[in-house]
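S.K.: Okay, handing you the structure first.
Quick note: the coordinates plus some simple rules give every number you see, no bench work behind them. What you see is a predicted model; the values in this text were computed from it and never measured. Cβ atoms come from the backbone with ideal geometry, glycine included; neighbour counts cover every protein chain shown.
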Amino acid sequence: MTETVPVDSGADVDAQSRESQLRAAIDVCDPAPLLMSLVHVTGDTGLLDEFGSRLTIGEPGNHYRTGTRPTAPPGQYPAEVVADIRTRAHELLTVEMIDRLGVPDSETFLRMATIATSERVDDEFVPILLEQAGFVLGERRVPVTVTPPSDFSVIVIGAGIVGINAAIKLQDAGFTYRVFEARHEIGGTWSRNTYPGAAVDTPSHYYSYSFELNPGWSKYYPSGAEYQQYLKGVVDTYGIAENISFRTRVLSARWLDDRHVWEVTTESPDGSREVHRANAVVTALGMLNSPNIPDVEGLDSFGGTVVHTADWDEGLDLTGKRVVVLGTGCTSVQVVADIVDRVKTLDVVVRSPHWIVPEKAVVNDVPEEEKWALAHIPRYHEWFRLRSYWFASDNLYTLPRIDPEWAQTHFSASPANEMVLNTARNYLQDSFPDRPDLIEKLTPDFRPYGKRIVKDPGFFKALTRDHVTLHRASFERVTPDGVITTEGRFVPADVVILATGFALEFTTSIEITGRDGRTLADRWKGGDDPRAYLGIQVSGFPNLFVTAGPNSAPNHGAGHNILSEEHVHYIIECLQYLLEKGHDAMDVRQDALDDYNRKVDEALDKTVWVHPGAEINGYYRNSQGRAVVPCPWRLVDYWTMLREPNPDVLEFIDPVVPG
């Protein structure tokens with residue numbers, strides 16, 4: 001018989017409720033971060049001895065221990081080990097738990113990280129993991145002995161993920177700043193992209209600021225709307241909105257050599273213009289911010305609705321409509337999967353398909369019990385985030401890199417690249433066992449990673465529906481009542497959706513004029529050949545910091561969030577260096593910029609981004625075939641490069657001496 005325990009007070013009810021929540025959370029927690037939490041709560045590192053050798057992921061050929069074979073199915077832990085960890089957690093954890101271990105010393109942390117990931121973790125990764133997992137804040141490297149004077153100001157252009165971070169860190173460091181945002185709200189990409197199914201394809205619990213973790217994500221991969229809400233919450237938390245000028249477009253920025261400042265001209269919605277001066281300018285525009293509208297004959301003659309995914313009409317009702325979607329990248333697959341049940345017919349026009357891989361978690365909700373664990377169990381969130389980062393970062397570094405000997409006799413670039421190829425091919429074949437026509441149309445002619453790998457949110461399933469047709473073609477022309485494809489087929493339509501992405505722009509939409517009177521657009525050949533030192537600084541443009549600049553994107557893994565933190569950290573260090581040394585400005589030397597880019601090109605020459613095995617069109621490369629988007633370095637290498645400025649490659653501008 002179950003004994004009924006009388007409840008005497010509201011406090012008792014609350015305690016029982018929290019105890020019940022803890023028990024339920026333990027039963028759904030990921031066992032690896034749960035074990036790490038046990039170590040933190042008890043302070044007993046002996047738990048690592050007890051469970052470390054048993055907590056192994058079933059993934060033959062990728063296990064860091066030698067002489068052992070995984071005892072679990074691929075991607076899973078042994079069931080008995082998971083049960084034992086949960087049992088121990090039930091014994092040791094209480095609702096009054098606190099973190100007794102704190103931030104582990106490097107040796108202990110390295111051991112814990114190795115066990116938590118079931119992979120080899122070397123010493124060089126300790127600093128970046130501590131920061132990116134959220135254990136510690138980014139460490140200031142330049143000694144801070146000078147407080148930024150009130151008349152030293154910084155202008156930030158853009159209030160997306162980088163601009164928000166720049167505002168927060170400038171504020172923390174004591175700098176006077178102003179953010180100019182052309183739109184009516186913050187968010188950048190996630191303000192613009194409100195199309196059906198818009199979502200982030202990087203795990204929620206990693207795709208966020210390391211200094212502002214969010215335990216409340218509803219899905220393992222957030223929708224665009226939820227991510228926008230996260231960014232708005234960050235802006236509110238740090239109180240930076242009052243320093244953002246919305247609906248204010250930056251028209252130009254000119255370096256005044258006689259005053260050592262930037263003169264920035266802005267335009268308000270009413271057309272009025274204002275001139276501002278600042279000691280430094282940070283561009284936070286991203287590299288993909290202008291919708292790519294294809295040049296198709298007759299597009300303007302279409303009698304229905306034409307809409308680009310980057311400029312979505314919130315009032316557009318697709319119910320019962322004949323819809324044509326052009327494109328098959330990340331955006332297209334999200335749109336198709338989302339609208340397939342609402343439309344009358346759906347024609348998907350695919351010129352060059354991407355490699356698509358399965359990812360069940362893309363559509364999975366985060367259980368309430370796990371949200372509770374992330375919010376309440378000490379350090380569970382940090383270890384959960386560490387694993388999310390680890391498995392989406394430098395362990396993927398080899399995938400786009402070419403093994404010359406292997407590539408001579410294989411379609412894939414290397415044995416590691418072959419694994420991705422096999423995964424994508426198998427998923428394609430398993431998804432369409434009775435549709436060889438779809439398999440043929442959806443098979444790319446380039447190696448994996450030549451274009452971005454797409455995680456399937458339900459796209460393949462949508463293509464099997466009776467009212468859905470896939471065309472391996474493009475638009476030949478558009479008529480008032482439909483589309484004629486390059487196959488010569490007429491497709492009647494009520495709505496045409498252009499899921500054609502963005503045109504690549506590295507800040508060249510703004511007229512930025514440097515020391516020699518040349519504009520940045522001229523230096524970069526109209527934006528077709530952008531080159532920068534560390535992807536941030538350009539010779540001849542003192543105190544101009546281009547975030548998300550050329551060859552800075554972490555294309556092999558992680559996400560835009562780490563790029564944001566790396567670049568903003570570097571900028572703060574540079575500005576503090578100027579104050580500490582009494583300089584007005586810094587400018588990278590041209591020879592240093594050239595040398596850096598020579599090394600970039602040499603490293604990229606060993607990747608599929610330059611040698612995909614077939615000529616492809618995509619935003620990674622410019623008109624000459626040079627890869628201008630991807631960063632060639634490991635994340636840990638690039639992060640290390642950006643810890644502080646190197647005075648040996650810089651030229652400094654000192655204050656003008658009167659008289």
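S.K.: Could you work out the local net charge near residue 260, counting Lys and Arg as +1, Asp and Glu as -1, over the other residues with Cβ closer than 12 Å to its Cβ?
M.R.: Neighbour charge sum, excluding residue 260 itself: -3.
S.K.: Rounded, prolate or oblate for segment 339-391? Axes are the square roots of the Cα gyration tensor eigenvalues, ordered a ≥ b ≥ c, and the cut-off for rounded is a/c under 1.5.
M.R.: oblate
S.K.: Taking Cα atoms of segment 377-446, Rg/Rh with Kirkwood Rh, to two decimals?
M.R.: Computed over Cα atoms, the ratio is 1.16.
S.K.: Between residue 357 and residue 464, what is the label-to-label distance in nm when each label sits 7 Å out along the Cα-to-Cβ direction?
M.R.: Between residue 357 and residue 464, the label points sit 2.2 nm apart.
S.K.: Still on this structure, please answer the following. Take every Cα pair under 8 Å in segment 284-414 that's 6+ residues apart, average their separations, divide by the length, and report that relative contact order as a whole percent.
M.R.: Once divided by the residue count of segment 284-414, the mean separation gives 14 percent.
S.K.: While we're looking at this one, here's another question. Work out the charge dipole of the chain with +1 on the Cβ of Lys and Arg and -1 on the Cβ of Asp and Glu about the Cα centre, then indicate which of 402, 376, 218 is farthest towards its positive end.
M.R.: It is 402.
S.K.: Here's another thing I want to ask about it. What fraction of the Cα pairs in segment 361-492, stated in percent, has a spacing above 23 angstrom?
M.R.: 57
S.K.: I want the local charge near residue 356. Using Cβ-Cβ distances under 13 Å, sum +1 for each Lys or Arg and -1 for each Asp or Glu among the other residues.
M.R.: Result for the neighbourhood of residue 356: +2.
S.K.: While we're on this one: Just need the relative contact order of segment 132-210 here, percent rounded to a whole number, with Cα pairs under 8 Å and 6+ apart.
M.R.: Relative contact order, segment 132-210: 31 percent.
S.K.: Using only Cα atoms, figure out Rg for segment 220-342 and give it as a multiple of 2.2 N^0.38 Å.
M.R.: Dividing the Cα radius of gyration by 2.2 N^0.38 Å gives 1.49.
S.K.: Gain in length, residue 429 to residue 300, computed as 0.36 nm per residue apart minus the alpha-carbon separation, to one decimal in nm?
M.R.: Fully extending the segment from residue 429 to residue 300 adds 42.6 nm.
S.K.: Still on this structure: Inverting the mean 1/r over all pairs of different Cα atoms, compute the Kirkwood radius of the chain and quote it in Å.
M.R.: 27.0
S.K.: So how compact is segment 125-266: Cα radius of gyration and Dmax in angstrom?
M.R.: 17.1, 53
S.K.: Sticking with this one: As a test of the definition: which semi-axes, in Å, follow for segment 528-610 when you take the square root of five times each eigenvalue of its alpha carbon gyration tensor? Largest first, please.
M.R.: Value: 25, 17, 9 Å, ordered largest first.
S.K.: Quick check on packing: order 244-253, 429-438 by the mean number of other C-beta atoms within 10 Å, highest mean leading.
M.R.: Put in order of decreasing packing, that is 244-253, 429-438.
S.K.: With labels modelled as points extended 7 Å from the Cα through the Cβ direction, what inter-label distance (nm, one decimal) is found for residue 443 paired with residue 50?
M.R.: Result: 5.3 nm between the two label points.
S.K.: On to the next question. What distance in nm separates the simple spin-label points at residue 653 and residue 16, each placed 7 Å from Cα in the Cβ direction?
M.R.: With each label point 7 Å from Cα toward Cβ, the separation is 7.1 nm.
S.K.: Across 5 Å bins from the origin, how do the percents of Cα pairs in segment 98-172 run, short distances first?
M.R.: Bins of 5 Å from zero give 3, 11, 16, 17, 14, 12, 12, 8, 5, 1, 0 percent of pairs.
S.K.: Let me ask you something else. Can you tell me the Rg and the Dmax, both Å, for the Cα atoms in segment 504-545?
M.R.: Rg then Dmax for segment 504-545, in Å: 9.3, 26.
S.K.: Kirkwood Rh, segment 470-600, all Cα pairs: how many Å?
M.R.: Its Kirkwood hydrodynamic radius stands at 18.0 Å.
S.K.: Which of the trypsin sites (Lys or Arg not before Pro) found in segment 496-594 are loop residues per DSSP with 13 or fewer other Cβ atoms within 10 Å of their Cβ?
M.R.: When the trypsin sites (Lys or Arg not before Pro) of segment 496-594 are filtered for loop state and at most 13 Cβ neighbours within 10 Å, 518 remain.
S.K.: Further question on the same structure: Starting from the Cα-Cα distance between residue 511 and residue 589, subtract it from 0.36 nm times their residue separation and give me the gain in nm to one decimal.
M.R.: 25.9 nm
S.K.: Any idea what the relative contact order of the chain is, in percent, if you count C-alpha pairs under 8 Å spaced at least 6 apart?
M.R.: 16
S.K.: Okay, moving on. Given 0.36 nm per residue, what is the gain on full extension from residue 79 to residue 277 after removing their alpha carbon distance, in nm?
M.R.: 65.0 nm
S.K.: Antiparallel as a % of all DSSP beta bridges within the chain, to the nearest 5?
M.R.: Of those bridges, close to 45 percent are antiparallel.
S.K.: Once R0 is set to 41 Å, what does the formula 1/(1 + (r/R0)^6) return for the Cβ-Cβ distance between residue 364 and residue 258, expressed as a FRET efficiency to the nearest 0.05?
M.R.: 0.10
S.K.: In whole angstrom, note down how far apart the Cα centers of segment 287-354 and segment 133-200 are.
M.R.: Here the two parts' Cα centres lie 32 Å apart.
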